[in-house]
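Report on the structure given below.
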Amino acid sequence: MSYHVYHTEAIILGGRAAGEGDRVLYCYTRLVGLVAAYAKSLREERSRLRYALQTFAHAEIDLVRGKGGWKLVSAHPIDSFGSLWRHPSKRRIVASHAHLIRRLINGEERHELLFDDMLSGLQFLSGIENEAELHACELILVIRMLSRLGYWDSGKLFPQLAKENVLTTESLRFAEEARKSLLAEVNKALELSHL
């Protein structure tokens, strides 16, 4: 029996151990949305996939769907976002963002705009060094995610943050200045999501 191979870009949101050397990875993909994919022998030293599939990495992956769920069969790294790992505040922001995505997305659903927002957010976050700007960027990324998933009325609530290419120094400055109001609206949206 042959299986269809799904070739797609993915952002690795984390994972958990499965057996001796295997791992289940949470991958947010451009093609099929959020999947939990089984990766055989990924934790072993000899694994060729392990460097392409580190947490927060951007990679091209091949998936097959079998009776037991998704299996990851190959991966090619695009960007490991090493600077996110080396900087504690950036690592915390991305880990929180990954956790929130896994919490808000229920099942597989293709959402290319959200994928693009996540990817541009990781790239933009990599270049920020100022702590206040990091916090403002985190807030904008959460608002963008809530907006893409329908939990934020971008027409009424701070519409300037719903525009394309919103990650700029001007938008960071705006988010810093409006932080209290933005946080109140984010908390309200999360509460209304019931997740």
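The values are calculated or read from the model by the stated rules, or taken from the named source; none is laboratory data. Since we're looking at a predicted model, the values are computed, not measured. Every residue, glycine as well, gets a Cβ built from its backbone with ideal geometry; the counts of neighbours run over all protein chains shown. To get the accessible areas, we keep the full protein, side chains included, count just its heavy atoms, and leave off ligands, DNA and RNA. Shrake-Rupley method; radii C 1.70, N 1.55, O 1.52, S 1.80 Å.
Just one of the listed residues (GLU109, GLU176, GLU138) is open to solvent by 70 Å² or more (accessible area, probe 1.4 Å) and part of a helix (DSSP H, G or I), and it is GLU176.
Contact annotation: residue pairs with Cβ atoms under 7 Å, 6 or more positions apart or on different chains, pairing a residue in region 1-20 that is more than 15 Å from LYS67 (Cα to Cα) with a partner that is open to solvent by 100 Å² or more (accessible area, probe 1.4 Å), are ALA17/ARG43. Each residue in region 59-83 was checked for being surrounded by 14 or more Cβ atoms within 10 Å (Cβ to Cβ), of a type outside the set (D, E, K, R) and out of contact with any helix residue (DSSP H, G or I) (no Cβ under 9 Å at 6 or more places or on another chain), and 12 pass.
Pairs meeting the criteria (first residue in region 91-115 and under 19 Å from ALA57 (Cα atoms), second residue among the β-branched types (Val, Ile, Thr) and part of a helix (DSSP H, G or I), beta carbons under 9 Å, at least 6 apart or on different chains) are SER96/VAL142; HIS97/VAL142; LEU100/VAL142; LEU114/ILE101.
Kindly establish whether ILE93 is buried (at least 18 other Cβ atoms within 10 Å of the Cβ) and either assigned to a helix (DSSP H, G or I) or among the charged types (D, E, K, R) (or both). For ILE93, the condition - buried (at least 18 other Cβ atoms within 10 Å of the Cβ) and either assigned to a helix (DSSP H, G or I) or among the charged types (D, E, K, R) (or both) - is met.
The residues in region 130-157 that are over 24 Å from VAL32 (Cα atoms) and touching a residue at least 40 places away in the same chain (Cβ under 8 Å) can be counted, and the count is 9.
Within region 154-173, being basic (Lys, Arg) and in a loop (DSSP other than H, G, I, E, B) holds for LYS156, LYS163.
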